[in-house]
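The values are calculated or read from the model by the stated rules, or taken from the named source; none is laboratory data. Quick caveat, the model's predicted, so the values are computed rather than measured. Note that we place each Cβ from the backbone using ideal geometry, even for glycine, and neighbour counts take in every protein chain shown.
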Amino acid sequence: MNPLDELKLELAKIPWFRDLKIQHLDKLAQISTLRRVKAGEVIFREGDIAKDVFIVLDGRIALDMLVPPRGKVRFYTAEAWEIFGWSSVTPTIHQRTAGATAVTDCLIASTDAQELRRLCDEDHDLGYVVMRRMANIVASRLMISRLQLLDIFAEPETKHAN
């Protein structure tokens, strides 16, 4: 099987892609690649230039950020069919706001964020589905971040001083 057909098969498994027309799936496959990563492999670091958005097809990806004075803090673990690196799809974010490291061996799809924005601008039906999904992801991550902040501030600082 050629890589493009393999990619289309993998993308077709993702539940939110079921809302897409076949021609949309074809367009997404043309700007995406499959990538296998090993456990412990760094996919990107906080501060890196943001060029791609990723979908976990198999495995788990840890998302972390530097929180002074605590150091690197994992704030989310993306699993199958979840998107990470989504801020690269926004027109104004040019640096990674977090790091991503494979927790397990993974298969991920990498999509060129600039090309995805272009496709969404050219085809509003595709753009609506993609941006609706992105809005859900942003809302979910904000809620998770809020809960984690509440947890951090609920713990006395002295517990972390040791």
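Details
- Verdict on Asp105 being of a type in the set (D, E, K, R), modelled with pLDDT of 95 or more and over 12 Å from the mean Cα position of the chain (by Cα): yes
- Given (1) part of a helix (DSSP H, G or I); (2) more than 28 Å from Gln23 (Cα to Cα); (3) charged (D, E, K, R); (4) without any contact (Cβ under 8 Å) to a residue 24 or more places away in the chain, number of the condition Arg141 does not satisfy: (4)
- Against the test of being among the small types (Gly, Ala, Ser), surrounded by 15 or more Cβ atoms within 10 Å (Cβ to Cβ), in contact with a Ser or Thr (Cβ under 7 Å, 6 or more places away or on another chain) and within 24 Å of Gln30 (Cα to Cα), the options Ala62, Ala50 yield a single qualifying residue, Ala50.
- Exclusive hit being among the charged types (D, E, K, R), surrounded by 14 or more Cβ atoms within 10 Å (Cβ to Cβ), closer than 14 Å to Leu28 by Cβ and free of Cβ contacts under 8 Å to residues at least 60 places away in the same chain, set Arg96, Arg117: Arg117
- Scanning the stretch 126-138 for residues that are in contact (Cβ under 8 Å) with a residue 12 or more places away in the chain and hydroxyl-bearing (Ser, Thr, Tyr) yields a total of 0.
- In the stretch 1-59, the residues that are of a type in the set (S, T, N, Q) and either touching a Cys at 6+ places or on another chain (Cβ under 9 Å) or without any contact (Cβ under 8 Å) to a residue 40 or more places away in the chain (or both): Asn2, Gln23, Gln30
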